[in-house]
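A quick write-up on the structure given underneath.
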Amino acid sequence: MQAEKSTSQPQSLSLASKMPDAFVILFFVVLIATALTHIIPAGYFETTEVIKVVDGQEQSRTLIQPDSFQYADERNEGAKIFASGGGQGFFNYAFEGMVSGSKWGAAIGVVAFILIVGGAFGIIMQSGAVNNGIMALIRRTQKADKLIVPLMFLLFSFGGAVFGMGEEAIAFCIVLTPLMVALGYNAITAVLITYIATQIGFATSWMNPFSVAIAQGIADVPLMSGKGYRVTLWAIFTLVGMIFTMRYAAKVKANPGSSVSLSADEHFRNQQQQALSNSFGRIDVAILLTLLAGIIWVIWGVTLHQYYIPEIASQFFAMGIVVAVIAIAGGRMTMNGASEAFQKGAKELLPAALIVGMAKGIVLILGGDDATSPSVLNTLLHHAGSSMASVSETGSALFMFAFQSVFNFFIASGSGQAALTMPLMAPLSDLVGVSRQIAVLAFQLGDGLTNTIIPTSASLIGCLGVARIDWSVWARFAWKPVLGLMLMSAAAMVAAVMIGYQ
């Protein structure tokens, strides 16, 4: 076993070293974005207020007028190297990106969410209850792993389809990564059954309130319509993803040295070796029941009360506090020990939080995502949409999918991307003879599946962070399965045109 490690570890590190780090990639993307602001003129759209009836209630929505694009009166000077007075410059992108947005989303809200959840789970993991529970589970159910992988994949895919799981997967990844490693798999398997499964469900959903519902509402398509085709896609994509994950997991279990996440796997194995000397007792039961109750509380809040980042972060913080009280009362840790565990957990996710903020800096350099304010991003959006006018129906459907996939790099938010792109894509689909339902499907697939690899996806970076996997390592592993999903999506778009999907 030691011989395998000595030969495989350098190989995995050399593979990772060939791929630029996520911070390096973001730096050069910002550099390119800065150059574009000196070449492409800024433009903007006009908006209008529209009253729509949703579930029997009138709702007011602000929509972009597709034919209202115009360039700014004064040609933009382009982003500066350094801006003062709170302006957007190349060297400002890290700070400005970190403090942008609100508590409801990117970047500051997501940054705070990642750090608080990481801290809370730092306490939970430091208590030793999760590792003790995992080892007790393995001792009692030797063949449980054959059911856990497909069952978890199915459940997370369903969660992504029904209520749009994204950031929530980070917390589950914290719990399931040590379990997967203990069962003989690796950290990448944990990311596959949690986050990747949620994004497959997210991309093929028939009722996701954060993507399908918003996009259909903007496109004037009946809410939750077209279920049959989407449910079929969900079943096919989920089955393919599940089979791939099971085969990959079996391969890693048969040959642990083939894992590309050896350093992360070793970290979690060391944690479990420390837990082997501890018995599974009442304190562990109390902590794990608290964890289970907390997860049920989160699911209840998300599904019934539309809890989002502020509430979910506070729920996990409360969970961490309760676990700390139990662990202190049971002699597992001291009050200072709980504080140190919280800090350590947050520190381990700090790189993920930084990437989220810096990724937002790309959009700010391009002028922001406000359709009514002059920006290079609006100009790119306008010309991309206009170029579709002379393309065939099938070509237009594929173009829509490709455009949404690329655009998601800049706006890695389902609702945000829908608000910006659907007011343009919906009427353009009328001009080229493609149904608006197909335009919505292109948005879904392009938005959801690219989140599985782009370094600007906060949820992906968060999950990789808790699994201790560098994005460069993940990219080397994931590009082939992601390419397969994209080809399947392209085929789904062509099939939708052929059957006249409405």
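The values are calculated or read from the model by the stated rules, or taken from the named source; none is laboratory data. Nothing here was measured: the structure is a model prediction, and the numbers come from that model. Methodologically, a virtual Cβ is constructed for each residue, glycine included, from the backbone with ideal geometry; neighbour enumeration extends over all protein chains shown. Just the protein is used for accessible areas: all its heavy atoms, side chains included, with ligands, DNA and RNA removed. Shrake-Rupley method; radii C 1.70, N 1.55, O 1.52, S 1.80 Å.
Would you kindly state how much longer the chain becomes between Leu137 and Glu49 on full extension, computed as 0.36 nm times their sequence separation minus their alpha carbon distance, in nm to one decimal?
On the way: separation 88, 0.36 × 88 = 31.68 nm, distance 5.59 nm.
Result: 26.1 nm gained on full extension.
Put a plus charge on the Cβ of each Lys and Arg, a minus charge on the Cβ of each Asp and Glu, and nothing anywhere else: the dipole of the chain about its Cα centre is then about 1900 debye. Annotation for segment 80-186: chymotrypsin sites (Phe, Trp or Tyr not before Pro) lying in DSSP loop with at most 16 further Cβ atoms inside 10 Å of their Cβ are Phe82, Trp104.
The aspartates and glutamates whose alpha-carbon is closer than 12 Å to the alpha-carbon of Lys360, local same-chain residues fewer than 8 away aside, are Glu96, Asp369. Scanning the chain for trypsin sites (Lys or Arg not before Pro) lying in DSSP loops with no more than 11 further Cβ atoms inside 10 Å, the longest uninterrupted stretch between such sites is 144-502.
Taking label positions 7 Å along the Cα-Cβ direction at both Met224 and Glu340, the computed distance is 5.2 nm, reported to one decimal. Projecting the Cα atoms of Trp300, Gly257, Phe316 onto the dipole axis of segment 167-319, where Lys and Arg carry +1 and Asp and Glu carry -1 at the beta carbon, places Gly257 farthest toward the positive end.
Using a 1.4 angstrom probe with every protein chain in place, what is the largest-first accessible-area order of Leu233, Leu155?
Working: Leu233 15, Leu155 95 Å².
The residues order as Leu155, Leu233, largest area first.
Of the cross-linked pairs Lys80/Lys347; Lys103/Lys344; Lys146/Lys480, those separated by over 30 Å at the C-alpha level are Lys80/Lys347. Taking θ as phi - 60° and the Karplus parameters 6.51, -1.76 and 1.60, the scalar couplings of segment 288-303 work out to 5, 5, 4, 4, 4, 4, x, 5, 4, 4, 5, 4, 4, x, 5, 7 Hz in sequence order, x denoting glycine and proline. Spin-label pair Phe95-Asn270: with each label point 7 Å from Cα along the Cα-Cβ axis, the two points sit 3.6 nm from one another.
Fully extended, how many nm does the chain gain between Ile32 and Val231 (0.36 nm per residue separation, minus their Cα-Cα distance)? Please list the in-between numbers first.
Numbers: separation 199, 0.36 × 199 = 71.64 nm, distance 3.95 nm.
Working it through step by step, the gained length comes to 67.7 nm.
Summarising the amide proton neighbourhood of Gly43: residues at separation of 5 or more, or on other chains, whose placed amide H is nearer than 5 Å comprise Ala72, Ser375, Val376, Asn378, Thr379.
Between 0 and 90 degrees, the angle of helix 436-450 with respect to the longest Cα principal axis of the chain falls at about 40 degrees.
Extension gain, Val285 to Ser84, is 66.9 nm, computed as 0.36 nm per intervening residue step minus the present C-alpha separation. A simple rule links phi to the HN-Hα coupling: the Karplus curve 6.51 cos²θ - 1.76 cosθ + 1.60 with θ = phi - 60°, which for segment 354-371 gives 5, 5, 4, x, 5, 5, 4, x, 4, 5, 5, 4, 6, x, x, 10, 8, 5 Hz, with x for Gly and Pro. Calculated mean residue ellipticity at 222 nm for the chain: -22000 deg cm²/dmol, from DSSP H runs with n ≥ 4 weighted as -39500 (n - 2.57), summed, divided by the residue count and rounded to 500. What is the distance in Å between the Cα centres of segment 361-408 and segment 214-261? Cα centroid to Cα centroid, the span is 26 Å. A cut-off of 5 Å between modelled amide H atoms, ignoring neighbours fewer than 5 places along the same chain, links Gly89 with Ala83.
For an R0 of 35 angstrom, estimate the FRET efficiency from the Cβ-Cβ distance between Ser68 and Gln502 and round to the nearest 0.05.
Computed FRET efficiency for Ser68 and Gln502: 0.80.
Within the chain, the longest run free of exposed loop sites, counting GluC sites (Glu not before Pro) that sit outside DSSP helix and strand states (H, G, I, E, B) and have at most 14 other Cβ atoms within 10 Å, spans 78-502.
In square nanometres and to one decimal, what's the mean projected area of the convex hull around the Cα atoms of segment 126-224? Write down the numbers at each step before the final one.
Values: hull surface 27.3 nm².
Taking a quarter of the hull surface, the average projection is 6.8 nm².
Each listed q (0.09 Å⁻¹) maps to a log10 I(q)/I(0) for segment 236-356 from the Debye sum over equal C-alpha point scatterers, namely -0.41.
What translational diffusion coefficient, to the nearest whole µm²/s, does segment 218-304 have by Stokes-Einstein, given a Kirkwood radius computed over alpha-carbon pairs, a temperature of 37 °C and 0.692 mPa s viscosity?
Answer, rounded: 181 µm²/s.
Projecting the Cα atoms of Pro455, Ala442, Gly367 onto the dipole axis of the chain, where Lys and Arg carry +1 and Asp and Glu carry -1 at the beta carbon, places Pro455 farthest toward the positive end.
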